[in-house]
Amino acid sequence: MNHFSELIKRRRSIRKFTDEMLRPKEVESLMKAALMSPASKSSNPWQFVLVEDKSKLSQLSEAKAHGAKLIADCTLAIVVLGDSTTSDVWIEDTSIASTVIQLQAEDLGLGSCWVQIRLRQSADGEDAEQNVRDILNIPSHLSVLSIIAIGRKAQAKEPHDESKLQWEKVHIESYKIHKDESEKK
Ligand SMILES: Cc1cc2nc3c(=O)[nH]c(=O)nc-3n(C[C@H](O)[C@H](O)[C@H](O)COP(=O)(O)O)c2cc1C
């Protein structure tokens with residue numbers, strides 16, 4: 001199996017990290033990968049805020065109600081922002097950059113997890129994006145897509161199981177309607 005196929009199979013969401021900080025070279029590799037992500041019309045509408053400060057990580061972990069606690073435990077949070085005033089496909093562009101960061105993290109042997117911020121609320125019903133903007137001094141023309149939490153893995157996860165792939169979602173030449181879908185019509 002070639003290296004990329006192994007990488008894709010091995011990458012899992014990691015939510016527990018050791019306290020060991022990332023090396024500057026590792027952070028540089030992550031950001032190089034992000035900045036080489038493809039973007040529509042090469043407009044590169046993304047911006048990235050790197051956070052290592054424990055108190056800020058703790059605040060970010062409270063920015064939304066569910067699935068963000070792990071940020072308090074990570075050693076680097078990459079907050080992925082997009083400029084919706086200059087790109088109509090900033091969501092696609094920033095999603096690709098988020099994924100590329102996760103794949104580069106795995107290639108470095110680091111663990112990562114995507115934390116969704118766009119369209120999410122805090123425990124008090126506040127807009128999670130606005131909470132992140134307030135914590136990190138982000139101007140209002142920038143939208144917050146995700147926070148990619150990164151660190152050295154403190155949990156082991158099995159790679160993806162190829163025998164469980166949903167091959168029924170792959171259609172050859174034309175879309176094949178499944179029985180349960182025709183009932184939905
Ligand atoms: C768009 C998107 C949003 C996600 N949001 C969260 C999140 O807010 N919190 C979290 O713990 N995991 C989040 N995840 C991680 C998914 O739960 C995870 O990728 C999925 O369960 C598959 O597991 P795997 O990454 O180990 O293959 C998100 C993943 C994606 C792609």
- prompt: Can you pull out the residues in the range 44-58 that are under 17 Å from LEU145 (Cα atoms) and not in a strand (DSSP E or B)?
  reply: ASN44, PRO45, LEU57
message: Suppose we keep only residues that are over 15 Å from the mean Cα position of the chain (by Cα) and small (Gly, Ala, Ser) within the range 107-135. Which one would you say is surrounded by the fewest Cβ atoms within 10 Å (Cβ to Cβ)?
response: GLY125
- prompt: Can you tell me which of ILE96, ILE150, ILE138 is modelled with pLDDT of 95 or more and open to solvent by 60 Å² or more (accessible area, probe 1.4 Å)?
  reply: ILE96
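Residues are listed down the side, and each one gets a yes or a no for (1) within 16 Å of the ligand (Cβ to nearest atom); (2) assigned to a helix (DSSP H, G or I):
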{"residue": "HIS66", "(1), (2)": "yes, no"}
{"residue": "VAL79", "(1), (2)": "yes, no"}
{"residue": "GLY82", "(1), (2)": "yes, no"}
{"residue": "ASP88", "(1), (2)": "no, no"}
{"residue": "GLN102", "(1), (2)": "yes, yes"}
{"residue": "CYS113", "(1), (2)": "yes, no"}
{"residue": "ILE135", "(1), (2)": "no, yes"}
query: What are the residues in the range 115-131 that are more than 13 Å from the ligand (Cβ to nearest atom) and part of a loop (DSSP other than H, G, I, E, B), if any?
result: ALA123, ASP124, GLY125, GLU126
message: Being hydrophobic (A, V, I, L, M, F, W, C), out of contact with any Phe, Trp or Tyr (no Cβ under 7 Å at 6 or more places or on another chain) and within 23 Å of ALA77 (Cα to Cα) is the requirement here; does ALA149 meet it?
response: yes
message: Quick check on my filter: what residues within the range 139-171 are charged (D, E, K, R) and in contact (Cβ under 8 Å) with a residue 24 or more places away in the chain?
response: ARG152, LYS153, LYS157, GLU158, GLU162
message: Can you find a residue that is open to solvent by less than 50 Å² (accessible area, probe 1.4 Å) and in a strand (DSSP E or B) anywhere in the range 21-35?
response: no
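The values are calculated or read from the model by the stated rules, or taken from the named source; none is laboratory data. This structure is a prediction, so every number in the text was calculated from the model and none was measured. Neighbour counts are summed over all protein chains in view; Cβ atoms, including those assigned to glycine, are modelled from backbone coordinates with ideal geometry. Surface accessibility is based on the protein's heavy atoms, side chains included, excluding ligands, DNA and RNA. Shrake-Rupley method; radii C 1.70, N 1.55, O 1.52, S 1.80 Å.
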